[in-house]
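The values are calculated or read from the model by the stated rules, or taken from the named source; none is laboratory data. Keep in mind the model is a prediction, meaning the values are calculated, not measured. Cβ: placed from backbone, ideal geometry, glycine included. Neighbour counts: every protein chain shown.
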Amino acid sequence: MNPYVPGQPATPDTFAGREAVLRRTEEALELARRLRRNSAILLSGYRGSGKTSVLRKIEAVTLAARPDAIVVEIPLRIHSSEDRLLASVVQEVARQLEGRAGAGERLRTFLARVHGLSIAGTGITVGASSAVRPTSGLAVWRECIESLPVGGILLVCVDDAELLDSSGLGALKTVAETHGGVAIVLVVSGGVELADRLAQPDTSPIARVFSAGRFDIGELSPPETAEALNAPIRAATLDGGWSTDAIALVHRLSRGYPFLVQCLAHASFVEGATVDAARVQAAIPVALVVGGSWLERECASASDEDIRVFAKIADVGRPRLRSSEILSLGIQSPYIGRLVRQKILKKISRGQYELRKAPVIAYYHALARGLRLG
Ligand SMILES: Nc1ncnc2c1ncn2[C@@H]1O[C@H](COP(=O)(O)OP(=O)(O)OP(=O)(O)O)[C@@H](O)[C@H]1O
Ligand SMILES: [Mg+2]
């Protein structure tokens with residue numbers, strides 16, 4: 001059996017690291033319990049950096065601390081407005097509560113009403129077919145909060161929130177600032193596009209909601225990489241392990257980017273043996289095939305030099321860079337223009353650039369082409 005599944009979010013027992021986010025989660029749960037205070041956490045990261053994995057871990061931590069918590073995850077797959085987001089949350093809350101013992105009269109009435117909640121096209125309706133009436137996301141959300149048991153916790157996780165339109169972004173603020181009998185913990189994840197939109201002046205009231213809890217989900221540190229390699233073996237109670245050199249090599253090749261760590265781990269693992277560095281080295285071609293379904297097509301037409309320069313910029317470890325910083329890496333101005341045309345960099349204002357493509361793409365292609373990076 002191979003316990004590494006590249007591309008699938010980590011399960012709570014194979015999850016490694018991210019201590020700062022988990023500490024913030026514990027604080028949020030404590031604030032909810034003691035003071036019935038709401039909290040909001042924003043996770044941003046490139047594709048494959050581990051955002052969904054963090055959400056799943058937060059959900060598990062919440063349920064472990066508060067088995068009575070209502071935990072909903074809204075994975076956005078299409079562009080969504082306020083109406084759609086709020087109605088989806090309500091639908092999911094209702095699904096969770098369906099069949100829970102001890103529902104009070106108010107909650108039972110609410111559940112009966114939203115049983116017929118439907119989100120079709122642009123409209124939302126509630127009620128059984130004979131008495132269907134239109135409503136709004138905001139109205140069902142308010143009704144939902146008013147009917148939830150006093151003193152409880154509602155965890156709302158919104159994944160891939162770059163798919164929210166501007167009214168949908170506004171709905172995040174609504175959720176975070178709704179006060180009722182339950183304390184709400186809102187966790188939102190999204191890519192760099194989301195961070196960009198929240199940096200615009202007109203969204204600053206929404207961004208402020210997350211001011212005490214913004215986290216960049218990026219590469220794993222060497223000890224976190226070790227944990228990401230060891231935890232799946234432990235969780236599946238398999239025999240086997242990783243030598244210190246093998247762990248160091250996986251970290252060096254992947255730079256700690258979780259998806260690439262999983263690809264290398266999947267390709268190198270042998271049940272019942274300790275994986276050493278030579279085994280990791282020999283498994284690189286298989287790891288590249290495993291990761292290829294996503295990464296091969298990205299930057300396929302980039303030259304080796306483009307990949308080297310991309311990796312150099314990625315190594316800085318921050319999505320935003322000033323042009324002077326890029327120049328100080330030994331990258332000339334015309335080259336910056338070339339990377340902009342390839343959509344690796346984006347100019348966001350005078351002298352400010354943003355790395356738009358996930359760093360793991362550079363590290364993947366460096367491996368595939370046998371490039372030596374600094
Ligand atoms: N903390 C972690 N510990 C161990 N493995 C992780 C961790 N985070 C992510 N991974 C691994 O990295 C890969 C990508 O994780 P995940 O799907 O959570 O990323 P994502 O940011 O949600 O990606 P996408 O942008 O495609 O939605 C998965 O194979 C997952 O197992
Ligand atoms: Mg995801």
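Listed here are the residues, each with its yes/no results for (1) over 24 Å from the mean Cα position of the chain (by Cα); (2) closer than 26 Å to ASP245 by Cβ.
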{"position": "LYS346", "(1), (2)": "no, no"}
{"position": "SER349", "(1), (2)": "yes, no"}
{"position": "LYS357", "(1), (2)": "no, no"}
{"position": "ILE361", "(1), (2)": "no, no"}
{"position": "ALA366", "(1), (2)": "yes, yes"}
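Restricting the search to the stretch 23-48, which residues are surrounded by 15 or more Cβ atoms within 10 Å (Cβ to Cβ) and not in a strand (DSSP E or B)?
Within the stretch 23-48, ARG24, THR25, ALA28, LEU29, LEU31, ALA32, ARG36, ASN38, GLY45, TYR46, ARG47, GLY48 qualify.
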Looking across the stretch 61-91 at residues that are more than 16 Å from ligand 2 (Cβ to nearest atom) and hydroxyl-bearing (Ser, Thr, Tyr), the single one that is nearest to the chain's Cα centre (by Cα) is THR62
Residue pairs qualifying under the 8 Å Cβ cut-off, at least six apart or on distinct chains, with the first in the stretch 234-252 being touching a residue at least 60 places away in the same chain (Cβ under 8 Å) and the second being crowded, with 22+ Cβ neighbours inside 10 Å, are ALA235/THR14
Filtering the stretch 146-185 down to residues that are buried (at least 18 other Cβ atoms within 10 Å of the Cβ) and either in contact with a His (Cβ under 9 Å, 6 or more places away or on another chain) or not assigned by TED's automatic domain parsing to the domain that holds ARG47 (or both) yields LEU163, LEU164, GLY168
Only one of (1) assigned by TED's automatic domain parsing to the domain that holds GLN96; (2) away from ligand 2 (no atom under 15 Å from the Cβ); (3) buried (at least 18 other Cβ atoms within 10 Å of the Cβ) does not apply to ILE58, and that is (2)
Here the qualifying pairs (Cβ atoms under 8 Å; residues six or more apart or on different chains; first in the stretch 208-222 and of a type in the set (D, E, K, R); second assigned to a strand (DSSP E or B)) come out as ARG214/ILE41; ARG214/LEU42; ARG214/SER44; ASP216/SER44
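Looking at the stretch 6-21, is at least one residue within 16 Å of ligand 1 (Cβ to nearest atom), part of a helix (DSSP H, G or I) and more than 20 Å from GLY218 (Cβ to Cβ)? Break it down into steps so the answer makes sense when it comes.
Step one: filter the stretch 6-21 for residues within 16 Å of ligand 1 (Cβ to nearest atom), giving 6-21.
So of that shortlist, the ones also part of a helix (DSSP H, G or I) come out as 19-21.
Narrowing the set further to residues that are more than 20 Å from GLY218 (Cβ to Cβ) leaves none.
Checked against the condition, which is being within 16 Å of ligand 1 (Cβ to nearest atom), part of a helix (DSSP H, G or I) and more than 20 Å from GLY218 (Cβ to Cβ), the stretch 6-21 yields no hits at all.
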Scanning the stretch 349-372 residue by residue, those at pLDDT below 90 and either closer than 21 Å to ARG320 by Cα or crowded, with 22+ Cβ neighbours inside 10 Å (or both) turn out to be SER349, ARG350, GLY351
Query raised in the report: Does any residue of the stretch 92-111 turn out to be within 24 Å of VAL21 (Cα to Cα), within 20 Å of the chain's Cα centre (by Cα), modelled with pLDDT under 95 and not assigned by TED's automatic domain parsing to the domain that holds ARG356?
Result: no
(1) away from ligand 1 (no atom under 11 Å from the Cβ); (2) touching a residue at least 60 places away in the same chain (Cβ under 8 Å); (3) assigned to a helix (DSSP H, G or I) all hold for VAL185 apart from (3)
